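Just below is one structure, and these are the notes that go with it.
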Amino acid sequence: SPIAPLPERLRPDDISELVGQAHLLEDGGLLSGMFEGGAFASLILWGPPGSGKTTLARLIAKKSGCVFEPVS
C-alpha cells in the first residue's frame with residue numbers, strides 16, 4: 001500500500017529475501033529445516049527492535065498457512 005510506512009513497504013515477502021540470521025536460515029539451520037519440511041514448531045522470538053522478529057513471524061505464518069496476529 002502506498003500509504004503504509006516505509007519499513008512496512010520494504011518488508012520481505014519471502015524467506016529468501018530475509019537478511020541476517022544466517023545461522024538459522026542456512027542449510028541445516030533450524031528455520032531452513034522448518035521451511036523445507038513444512039513442519040513448523042512453536043517459537044519464541046526475542047531480540048532488539050529492528051532485528052526481524054515480526055518479519056520472520058509473518059513469513060512463517062504465510063508459509064504455514066496460519067493467520068498472523070501481531071501483539072505488542
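The values are calculated or read from the model by the stated rules, or taken from the named source; none is laboratory data. Just so it is clear, the model here is predicted, and its values are computed rather than measured. We place every Cβ from the backbone using ideal geometry, glycine too, and count neighbours over all the protein chains shown. What goes into the accessible areas is simple: the full protein's heavy atoms, side chains included, and nothing from ligands, DNA or RNA. Shrake-Rupley method; radii C 1.70, N 1.55, O 1.52, S 1.80 Å.
Quick notes
- Search result, residues across the range 22-59 that are β-branched (Val, Ile, Thr) and farther than 18 Å from residue 9 by Cα: 44
- For residue 2: the one exception among (1) surrounded by fewer than 10 Cβ atoms within 10 Å (Cβ to Cβ); (2) modelled with pLDDT of 80 or more: (2)
- Taking the criterion of being assigned to a loop (DSSP other than H, G, I, E, B) and closer than 16 Å to residue 50 by Cα, the residues of the range 1-15 that qualify are 5, 11, 12.
- Among residues of the range 24-48 that are in contact (Cβ under 8 Å) with a residue 12 or more places away in the chain, those with a beta-carbon under 9 Å from a residue that is loosely packed, with under 10 Cβ neighbours inside 10 Å and outside any helix (DSSP H, G or I) at least six positions away or on a different chain give the pairs 34/41.
- Enumeration of residues in the range 16-56 that are part of a loop (DSSP other than H, G, I, E, B), open to solvent by less than 90 Å² (accessible area, probe 1.4 Å), farther than 23 Å from residue 70 by Cβ and modelled with pLDDT of 80 or more: 28, 29
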